[in-house]
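Note sheet for the following structure.
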Amino acid sequence: MKIAVRGGHCPKVPGARGILDELTEDRKVKDAVIKYLKQLGNEVLDVTPPDSTSTSSVDLAYGVNKANDWGADLFVSIHFNKAYNSYNGAIGTEVCVYSTYDIAQRVVDGISSLGFKNRGQKVRTGLYELRNTSMKSIIVETCFVEATDDVALYRKLGPDAIGKVIAEAIVNKTTNTIP
């Protein structure tokens, strides 16, 4: 399978900030997802925008255009969520989709199997990445950057373990590699 993977945002369009910084953490998870997808025998293209990207529209178009031009079978964008300025507790993980399907469900179930609250698939037809990719696409909202319990669990598990679960869920196979 040809899979395009994007770390969300860039320094001039930094994304969510709370206890965790989305820009810093999504890159770590994205790198782990790519590593494990390759170990599982997939062709993978990193479509993360360059640090010099200056606007949200250029940031989003960069990954989508590269994935479309490459002819990817699946587009995966790694993000972290934010709902409040601070939240004492757990909010969880979700996967945004244009329409629901099995890969997205496996991903959200896989992340939640690590202990995150399962918020399920969220149909979001207005999101640029979901609307403009020519292949199936998912936006993985790993956890909430301001939720104390989410952050504690994320730090305990580490981005490599989370990336491994995401990759395994995407291809519906497991790898024996220990994160």
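The values are calculated or read from the model by the stated rules, or taken from the named source; none is laboratory data. Small disclaimer: the values here were computed from a predicted structure and weren't measured. Counting neighbours? That spans all protein chains shown, and the Cβs are built from the backbone with ideal geometry, glycine included. In case anyone asks, the SASA skips ligands and DNA or RNA and just uses the protein heavy atoms, side chains included. Shrake-Rupley method; radii C 1.70, N 1.55, O 1.52, S 1.80 Å.
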Hey, K136 basic (K, R), buried (at least 19 other Cβ atoms within 10 Å of the Cβ) and within 18 Å of A4 (Cα to Cα) or not
no
Lone unmet requirement of (1) over 21 Å from L37 (Cα atoms); (2) without any contact (Cβ under 8 Å) to a residue 40 or more places away in the chain for S112:
(1)
Within the range 1-33, how many residues turn out to be surrounded by fewer than 19 Cβ atoms within 10 Å (Cβ to Cβ) and within 17 Å of I170 (Cβ to Cβ)?
3
What do you reckon, is D149 out of contact with any helix residue (DSSP H, G or I) (no Cβ under 8 Å at 6 or more places or on another chain) and in a helix (DSSP H, G or I)?
yes
Of those in the range 77-99 that are modelled with pLDDT under 95 and among the hydroxyl-bearing types (S, T, Y), the residue surrounded by the most Cβ atoms within 10 Å (Cβ to Cβ) is Y87
Within the range 120-133, considering residues that are of a type in the set (K, R) and not in a loop (DSSP other than H, G, I, E, B), the one surrounded by the fewest Cβ atoms within 10 Å (Cβ to Cβ)
R131
Of everything in the range 143-176, what is under 21 Å from V44 (Cβ atoms) and open to solvent by 50 Å² or more (accessible area, probe 1.4 Å)? Give them in sequence order.
N172, K173, T174, N176
Could you say whether any residue in the range 54-62 is among the β-branched types (V, I, T) and more than 13 Å from the chain's Cα centre (by Cα)?
yes
Would you confirm, using the coordinates I've provided, whether V107 is under 15 Å from the mean Cα position of the chain (by Cα) and more than 15 Å from E22 (Cβ to Cβ)?
yes
With the first residue restricted to the range 55-70 and required to be open to solvent by less than 70 Å² (accessible area, probe 1.4 Å), and the second required to be assigned to a helix (DSSP H, G or I) and not polar (S, T, N, Q), Cβ contacts under 8 Å at 6 or more apart or on different chains are L60/Y128; L60/E129; A61/Y128; G63/E129; V64/Y128; V64/E129
T125 - would you say it is modelled with pLDDT under 95, over 13 Å from the mean Cα position of the chain (by Cα) and not small (G, A, S)?
no
